[in-house]
1. I need a count of the residues in the stretch 87-139 that are among the acidic types (Asp, Glu), away from the ligand (no atom under 12 Å from the Cβ), assigned to a loop (DSSP other than H, G, I, E, B) and over 19 Å from HIS41 (Cα atoms).
2. Which condition number does PHE20 fail, the rest of (1) open to solvent by 20 Å² or more (accessible area, probe 1.4 Å); (2) more than 26 Å from TYR153 (Cβ to Cβ); (3) more than 8 Å from the ligand (Cβ to nearest atom); (4) in contact with a helix residue (DSSP H, G or I) (Cβ under 6 Å, 6 or more places away or on another chain) being met?
3. Kindly establish whether GLU46 is in contact with a helix residue (DSSP H, G or I) (Cβ under 8 Å, 6 or more places away or on another chain), assigned to a helix (DSSP H, G or I) and within 12 Å of the ligand (Cβ to nearest atom).
4. Of these, VAL6, VAL34, which one is closer than 20 Å to GLY116 by Cβ, away from the ligand (no atom under 14 Å from the Cβ) and β-branched (Val, Ile, Thr)?
5. Where residues in the stretch 228-253 are more than 13 Å from the ligand (Cβ to nearest atom) and in a loop (DSSP other than H, G, I, E, B), which of them is surrounded by the fewest Cβ atoms within 10 Å (Cβ to Cβ)?
6. Within the stretch 23-60, how many residues turn out to be basic (Lys, Arg) and open to solvent by less than 30 Å² (accessible area, probe 1.4 Å)?
7. Being under 26 Å from ARG7 (Cα atoms) and either open to solvent by 20 Å² or more (accessible area, probe 1.4 Å) or more than 12 Å from the ligand (Cβ to nearest atom) (or both) is the filter here; which residues of the stretch 62-72 pass it?
Amino acid sequence: MPTPAVRTAIFPVAGLGTRFLPATKATPKELLPVIDTPLIHYAIDEAQAAGIERMVFVSHPSKSAIERHVMDDARLRAELRSRGKAELADELREASFPEGSDEVVFTMQDQPLGLGHAVLCARDHVLPGPVAVILPDDLILGQGCIGEMVDAYRRNTPGHMVATMQVPAEETRKYGILSVTKTEGRVLRADGMVEKPEPSEAPSREAVVGRYILDASIFDDLAKQTPGAGGEIQLTDAIARGADRVGLAGLRFSGQRFDCGSKAGMLRATLHLAADDPECEAVLEEMIAAATAGTLAA
Ligand code: UTP
């Protein structure tokens, strides 16, 4: 039987973004820019490049700016045109979805009850087959990570697939760590995951980051799950529970991942992209020279 296609991507964007307060008090974390491009934009581009047909955004009523950003704004375009900025108006239209498009659905998670709960909120809006989940605050540059996963999934049919990267032993306590049973090139067969283990307890150094392809049975597993600490429904618990039944694999993606949910990660991503941006490159060199000379804080 051919592997069913991955047609839907779920974007959980309903979280509180507490690590970025006060920036995220009125501006959703997912709209924070790296240079001039909001995080959500990178995530949408990645899904489109992977051939995703439908994007389901699980948002919160207080984060309506995300919907305004993602959907076309005909009034803004008309205003730009009337000011002689037709080219900019066209660019905005190309980078957004028209009203009524089948390609995009917004649904609400009224309370941030965890990533697993957010994914469950998307259930009624997904197309048949496995679903991709993309966390926009995990920015992955280079080859599109979800595209690599869709390709690997098609060839390997693992049931659930998670994106993984190797971390130093002392960092296992920051991540979900995959329990690897067999390595097949970049595909890691696994029999479970352990949440934030101490280095001595970690089953490997393969850390799970914010890209998943999940067998459709994930929704039943999430619906059955009893909430854990803080009333949250964890996605990793449901994945681990389904691993025996449907299978689990990790994919060592080729790109570079930045944790843009943290200040340090956001700064790293900004500096990384600044090095390739003609407007920012010279500033970056200036700052490096000043830092080297010890005059930066002066
Ligand atoms: P995070 O845990 O990184 O985001 O979730 P957060 O909770 O918003 O941020 P902090 O930790 O308080 O700073 C990863 C992704 O999952 C979404 C978030 O919006 C983010 O895109 N999320 C998280 C939900 O949609 N619902 C939730 O209940 C939790």
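The values are calculated or read from the model by the stated rules, or taken from the named source; none is laboratory data. Bear in mind the structure is a predicted one, so any value in this text is a computation, not a measurement. Glycine also receives a Cβ, built like all others from the backbone with ideal geometry; neighbour counts cover every protein chain displayed. Ligands, DNA and RNA are stripped out before the accessible areas are found, and what is left, the full protein with its side chains, is counted by its heavy atoms. Shrake-Rupley method; radii C 1.70, N 1.55, O 1.52, S 1.80 Å.
1. 0
2. (3)
3. no
4. VAL6 is the lone residue from the list that is closer than 20 Å to GLY116 by Cβ, away from the ligand (no atom under 14 Å from the Cβ) and β-branched (Val, Ile, Thr).
5. So the residue we want is GLY247.
6. 1
7. Answer for the stretch 62-72, where residues must be under 26 Å from ARG7 (Cα atoms) and either open to solvent by 20 Å² or more (accessible area, probe 1.4 Å) or more than 12 Å from the ligand (Cβ to nearest atom) (or both): SER64, ALA65, GLU67, ARG68, HIS69, VAL70, MET71, ASP72.
Table: residues versus (1) surrounded by fewer than 20 Cβ atoms within 10 Å (Cβ to Cβ); (2) out of contact with any helix residue (DSSP H, G or I) (no Cβ under 8 Å at 6 or more places or on another chain).
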{"residue": "GLY185", "(1), (2)": "yes, yes"}
{"residue": "GLU206", "(1), (2)": "no, yes"}
{"residue": "GLN225", "(1), (2)": "yes, no"}
{"residue": "GLY255", "(1), (2)": "yes, no"}
{"residue": "PHE258", "(1), (2)": "no, no"}
{"residue": "SER262", "(1), (2)": "yes, no"}
{"residue": "ASP276", "(1), (2)": "yes, yes"}
